[in-house]
Structures are given as C-alpha cells and as structure tokens.
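S.K.: Below is a structure I'd like to ask you about.
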Amino acid sequence: MTRWIHITSASLAWCLILIFWSSTLVSETLGSPADIQAVKTFILYGMAILIPSIITAGISGFRLSCGRPNPLIDRKLKRMPIIALNGLLILLPSAVFLAHKADIGEFDELFYGVQMLELTAGLVNFYLMTLNARDGRRLSRPDTNQNHASIAEKR
C-alpha cells in the first residue's frame, strides 16, 4: 500500500509541476494578460494539491527506504530536501506574489523577474523529481535491487 501511495503522490506532483510550468510558458508567450492572470490563479490554487502530494511522496518514500542500504535510495533521499526547500522558499512565495501581481494587472519588470525565477526553480524541481522517478523505477527491478544492495554491503 505504501508503494502505491508513493507512486501515486509522486506522479501527481510531477504532473502538476509539468502542467504549471508549461501553462505558464504558453500563457506568457501566447496569452493575454487575462490568460496570464487565470494561469497564475490556477497555479496558486493548485498548490493546495501539489504541496500535500510532495509531502506524501516524501513521507512514503522515506518509509519505503528505512533500513535498506542502497545507493539509489541514498540519491533519492539527498534530492528530497532540495525539492522541498526549493518549493517552500522559492516556488510557493513566487506563486503567491505572481498571482497577486497578475490579479492587479502589474506585469512589470519585477513580475517578469520573479516569473523567470519561478520557471527556473520549477524546472529544477521537475528535473530532480524525474531523476527520483528514474531511480525509483530502477529500485523496482528485482535484479537492480540485489545488485545495488550487494554493492552497498561490500562498502
């Protein structure tokens, strides 16, 4: 059950980040100010789903990893604090700020500066979560689990 929860919550978070990132890019390049405002509002409300899904993925992943010496698990565990801090310190405040600025129609240099920061931080999280998914798939292969476990035991 924990594995299913982990895969579902991590996949949901990954998909939401992809949707947020791509919808921002499309609205900023092809959309009107009203489109940008709608996307910024959507992203802000979407945080109510994204944040719990990332937390759930982190907790369930930690529970799945306990007591299992494995370099793939170690790499996943090292990425999670970066993902969490990036989201908490950059992405969430940026989403609030950008939604507010879009709501009042202020598309100035500050808006676009924070927008670039948000796109960059979102891409970083997307990349790190993709690496975690790749390593998770590798962990689910029985032969990989045994090979990495034996490598870890030899250290």
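S.K.: Compare E109, E118 by solvent-accessible area with a 1.4 Å probe and give them largest first, with all protein chains kept in place.
M.R.: E109, E118
S.K.: Can I ask one more? I'd like the distance separating the alpha-carbon centroids of the stretch 128-143 and the stretch 40-75, in whole Å.
M.R.: Using only Cα atoms to place each centre, the spacing works out to 14 Å.
S.K.: Summing -39500 (n - 2.57) over the DSSP H runs of n ≥ 4 in the chain and dividing by its residue number, what mean residue ellipticity at 222 nm do you reach, to the nearest 500 deg cm²/dmol?
M.R.: -30500 deg cm²/dmol
S.K.: With each label point set 7 Å from Cα along the Cα-Cβ vector, what nm distance links L89 and I59?
M.R.: Inter-label distance under the simple model: 2.4 nm.
S.K.: Let me ask something else about it. Set the Förster distance to 41 Å, then compute FRET efficiency between S22 and R141 from the Cβ-Cβ distance, nearest 0.05.
M.R.: For R0 = 41 Å, the calculated efficiency reads 0.85.
S.K.: Please build a GNM for the chain, connecting alpha carbons under 10 Å apart, and tell me which residue among K40, K76, K101 fluctuates the most.
M.R.: Between K40, K76, K101, it is K101 that shows the largest mean-square fluctuation.
S.K.: Let me ask another. Provide S32, S65 ordered by accessible surface of protein heavy atoms (probe 1.4 Å), highest first.
M.R.: S32, S65
S.K.: Here is a further query. For D74 and V96 in one chain, what is 0.36 nm times their gap in residues minus the Cα-Cα distance, to one decimal in nm?
M.R.: 4.6 nm
S.K.: Kindly state, as a whole number, the per residue volume in cubic angstrom of the convex hull around the alpha carbon atoms of the stretch 1-115.
M.R.: 98
S.K.: Treating the stretch 55-150 as a set of equal point scatterers at the Cα positions, no solvent, please give the Debye-formula log₁₀ I(q)/I(0) at q = 0.14 Å⁻¹.
M.R.: Debye output, listed in q order: -0.61.
The values are calculated or read from the model by the stated rules, or taken from the named source; none is laboratory data. Model, not experiment: these values are computed from the prediction. Please note: Cβ atoms are built from the backbone with ideal geometry, for glycine as well, and neighbour counts cover all protein chains shown. Surface areas here come from the heavy atoms of the whole protein model, side chains and all, with no ligands, DNA or RNA. Shrake-Rupley method; radii C 1.70, N 1.55, O 1.52, S 1.80 Å.
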